[in-house]
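The structure under discussion appears below in the form of structure tokens.
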Amino acid sequence: MVKRTDYLHQIPSYQEYLEKIYRINVNNDNNGVSNSDLAKELNITPSSVYEMLKKLEEQKLIYKENKKFFLTEKGEEIALWIVSNNVCLKIFLSKVYQLYIT
């Protein structure tokens, strides 16, 4: 179980990468995510993506298989927590403030 005090939740870049890896992988029939997929999605250079992927791998949040990256169980748990929080926030903002975020 991921605790809310986990330091990774305080680092937006980790959150964004984990969420993007999760979303791309789900839309890609769980065939993994390439470095170039992430670079394109995040609109940054592949070398920047590579550096963050190394850090996520060191934290055992992702693993590499056949040049594609996948979330570990812990990485997926954090990614799902992020996605569900984003959904809850969007619902709250739409109901309370009539703000609609895509």
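The values are calculated or read from the model by the stated rules, or taken from the named source; none is laboratory data. The model shown is predicted, which means the values in this text are computed figures rather than measured ones. Counting neighbours? That spans all protein chains shown, and the Cβs are built from the backbone with ideal geometry, glycine included.
So the values come out like this:
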| item | result |
| --- | --- |
| Residue satisfying all of: in the range 26-59; at positive phi and either charged (D, E, K, R) or touching a strand residue (DSSP E or B) at 6+ places or on another chain (Cβ under 7 Å) (or both); modelled with the lowest pLDDT among these | Asp29 |
| The range 46-77 - residue that is among the aromatic types (Phe, Trp, Tyr) and within 13 Å of the chain's Cα centre (by Cα) and, of those, nearest to Val26 (Cα to Cα) | Phe70 |
| Tally, over the range 88-102, of residues that are surrounded by 10 or more Cβ atoms within 10 Å (Cβ to Cβ) and either part of a helix (DSSP H, G or I) or among the small types (Gly, Ala, Ser) (or both) | 7 |
| Val83 being within 12 Å of the chain's Cα centre (by Cα), under 16 Å from Lys20 (Cβ atoms) and not basic (Lys, Arg) | yes |
| Enumeration of residues in the range 14-58 that are part of a loop (DSSP other than H, G, I, E, B) and surrounded by 14 or more Cβ atoms within 10 Å (Cβ to Cβ) | Gly32, Ser34 |
| Tabulated pairs, the range 80-102, first touching a residue at least 24 places away in the same chain (Cβ under 8 Å), second among the hydrophobic types (A, V, I, L, M, F, W, C), C-beta under 6 angstrom, 6+ apart or interchain | Trp81/Val2 |
